[in-house]
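> Starting off with a structure, shown below.
Every read-out reported here was derived from the displayed coordinates using simple, explicitly stated rules and does not represent laboratory data. No experiment lies behind these values; they were computed from the predicted model shown. Virtual Cβ from ideal backbone geometry, glycine too; neighbours counted across all protein chains shown.
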Amino acid sequence: MLDQRDHSIIAQASAHDAAEIYAALVKAGVYTGFNLADFEAMRFDIYGSTVEIVTAATEANQAKAVANVEAAFPGSRTLPNEEPFEGQMPMPPAPPAMAPPAPPTVPPTGTYPPPAPAGSDGSDVEALWREFFADQSKWWNNRADKTNPNAPDFKKKVSKDASPEEKKSAPALWINGRVPTPQWVKQALGAA
């Protein structure tokens, strides 16, 4: 039996096929222009034929599967909708779907950075982290969807009109990169 998802897929494929066929017929001169009624009739014919073919194939496959089970296990019987029969344990319910993990959060702007500690090395990396915490809206947060573990955790946004070199050389920050991350940054990001 076809469910709503199956019908939706068949409807989309039918519309695509009808458009391809209709365009070929226009190109061949069968139709002189677009006629919505002709197109819809073609689409519904393709949809109806496809549903009939898929339904028949599905029912044939189900009948074949039942015959195979009955041949392999003589005396067994199949029940519609997997209903348990006397003495059979019912199937346990499916486990609830797991929610995707929430993306990591960054503390609100203004909380960090703390004033530069006395004796701070004042490195470029620390200056970039201070710039990041001063206005996080100017940085991309890539932590939730990193596909490459070596990619930066944060990258500074550049203009849409920037050259490829400017985009590639935009400042980037790693929480656990080659350059040590200041402890206050790790604390601020909850990565300490």
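> Show the residues, 5+ positions off or on another chain, whose built amide H is closer than 5 Å to the amide H of TRP139.
LYS157
> At what distance in nm do the modelled label points of GLU131 and ALA19 sit from each other, each positioned 7 Å from its Cα along Cα→Cβ?
4.5
> How about LYS157: which lysines have a C-alpha closer than 30 Å to its C-alpha, ignoring those fewer than 8 places off in the same chain?
Filter leaves LYS138, LYS146, LYS167, LYS168, LYS186.
> Considering amide H positions built from the backbone, and no H for Pro or chain starts, which residues 5 or more places from ILE175, or on another chain, come under 5 Å of its amide H?
Answer set, sorted by chain and number: ASP153.
> Please list, in chain and number order, the residues 5+ apart from TYR31 or on another chain whose amide H is under 5 Å from its amide H, with Hs placed from the backbone.
Under 5 Å from the amide H of TYR31 lie the amide H atoms of VAL26, each far enough along the sequence or on another chain.
> Only residues of the stretch 157-177 count here: report those whose backbone N is under 19 Å from the spot 7 Å along Cα→Cβ of ASN148, or say none.
Under 19 Å, as judged by backbone N against the label point of ASN148, lie 157-158, 163-177 of the stretch 157-177.
> Taking 0.36 nm per residue of sequence separation and subtracting the Cα-Cα distance, how much length would be gained by fully extending the chain between ASP161 and GLU40, in nm to one decimal?
Answer, rounded to one decimal: 39.2 nm.
> According to a simple spin-label model (label point 7 Å from Cα along Cα-to-Cβ), what is the distance in nm between ASN68 and VAL179?
6.1
> Tell me, what ³J(HN,Hα) does each residue in the stretch 175-187 have, in order and in whole Hz, if you take phi through Karplus 6.51 cos²θ - 1.76 cosθ + 1.60 with θ = phi - 60° and put x for Gly and Pro?
With coefficients 6.51, -1.76 and 1.60, one gets 6, 10, x, 5, 8, x, 8, x, 4, 5, 5, 4, 5 Hz.
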